[in-house]
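**Q** First the structure, which I've put down as structure tokens, then a few questions once you've had a look.
The values are calculated or read from the model by the stated rules, or taken from the named source; none is laboratory data. Here the structure is a predicted model, which means the values were calculated and not measured. Cβ placement follows ideal geometry from the backbone for every residue including glycine, while neighbour counts extend to all protein chains displayed. The accessibility values were calculated without ligands, DNA or RNA, using every heavy atom of the protein model including side chains. Shrake-Rupley method; radii C 1.70, N 1.55, O 1.52, S 1.80 Å.
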Amino acid sequence: MKKNIKQILMLTMVCIMGFSSLLKAQTTYKINESKDMDMKLSGTSTLHKWTMEAKTFSGGGVFNFKGGSSGELISVKSLTFSLEVANLKSDESGLNKNAYKALKTNQYKDIDYKLLSAIISPSKDNKYLVKAHGNLTIAGVTKEIDMDVWCTVNPDKTITCTGSEKLNMTDYAVKPPTFMLGAMKTGDSITLDFTLVYKKQAGV
């Protein structure tokens, strides 16, 4: 009986130590200010292709790494980003103005993403494919989307996340904008491309 109790206590201690080690492996990150970051909305129109680009974002993430010296990324517990729509700019002032109007920036200032679940697969050179399932909110409308996100653990321990996703504006109750007195009409389909850099928080 005493032997069984001792075995149970030892097993409990091993579980506690393992759980403690897992907690230590969880690392909190925030989006870092970096010239390498970029987010683009692009599409087509009756005249030419167009692109709106932004360089300023906010957001964070929690990444889990395998214990020991390998530093292997094993899961992504959370991932968010937020983009203020007014930071998106194109070379066409008319397009900017009408895009902000179509995206209802007077009511909804941001485009937001929040991860719900993720499946991670290692590739090579500290690069990982994350099958991300999450909520994307545009103009106050939230839709669940699936997208592939490539995460690279850099030598300085920052994590660069890149991805591309095709969307339809009308899915988010956004009327494709026009300008030049209606001579230029944008298509419904747009592509969201992003490169975001997440930096480990000090003391975490």
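**Q** Identify, from the list Asp148, Asp193, Asp188, the residue that is touching a helix residue (DSSP H, G or I) at 6+ places or on another chain (Cβ under 8 Å), of a type outside the set (A, V, I, L, M) and either open to solvent by 20 Å² or more (accessible area, probe 1.4 Å) or within 28 Å of Val62 (Cβ to Cβ) (or both).
**A** Asp188
Conditions tested, residue by residue: (1) assigned to a loop (DSSP other than H, G, I, E, B); (2) within 18 Å of Lys185 (Cβ to Cβ).
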site	(1), (2)
Gly67	yes, no
Val76	no, no
Thr80	no, no
Ala86	no, no
Leu95	no, yes
Ala99	no, yes
Thr105	yes, no
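**Q** When both residues are 6+ apart or on different chains and their Cβ atoms are under 6 Å apart, which pairs have a first residue that lies in the stretch 110-134 and is over 15 Å from Thr162 (Cβ atoms), and a second that is among the acidic types (Asp, Glu) and not in a loop (DSSP other than H, G, I, E, B)?
**A** Going by the 6 Å Cβ cut-off, the qualifying pairs are Asp110/Glu84; His133/Asp146.
**Q** Something else about it: Please enumerate the residues belonging to the stretch 98-138 that are under 19 Å from Thr195 (Cα atoms), surrounded by 14 or more Cβ atoms within 10 Å (Cβ to Cβ) and over 17 Å from the mean Cα position of the chain (by Cα).
**A** Within the stretch 98-138, just Asn126 meets the criteria.
This table checks each residue for (1) over 17 Å from Leu167 (Cβ atoms); (2) open to solvent by 20 Å² or more (accessible area, probe 1.4 Å); (3) at pLDDT 90 or above.
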| site | (1), (2), (3) |
| --- | --- |
| Lys40 | no, yes, yes |
| Lys49 | no, yes, no |
| Met52 | no, no, yes |
| Gly60 | yes, no, yes |
| Ser69 | yes, yes, no |
| Val85 | no, no, yes |
| Glu92 | yes, yes, no |
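**Q** Is it true that some residue in the stretch 172-182 is in a helix (DSSP H, G or I) and either within 24 Å of Leu47 (Cβ to Cβ) or in contact with a His (Cβ under 9 Å, 6 or more places away or on another chain) (or both)?
**A** Yes, the stretch 172-182 contains a residue that is in a helix (DSSP H, G or I) and either within 24 Å of Leu47 (Cβ to Cβ) or in contact with a His (Cβ under 9 Å, 6 or more places away or on another chain) (or both).
**Q** Select from the stretch 50-86 the residues that are among the polar types (S, T, N, Q) and out of contact with any Phe, Trp or Tyr (no Cβ under 8 Å at 6 or more places or on another chain) and list them in ascending order.
**A** Once the filter is applied, which keeps residues that are among the polar types (S, T, N, Q) and out of contact with any Phe, Trp or Tyr (no Cβ under 8 Å at 6 or more places or on another chain), the stretch 50-86 yields Thr51, Thr56, Asn64, Ser69, Ser70, Ser78.
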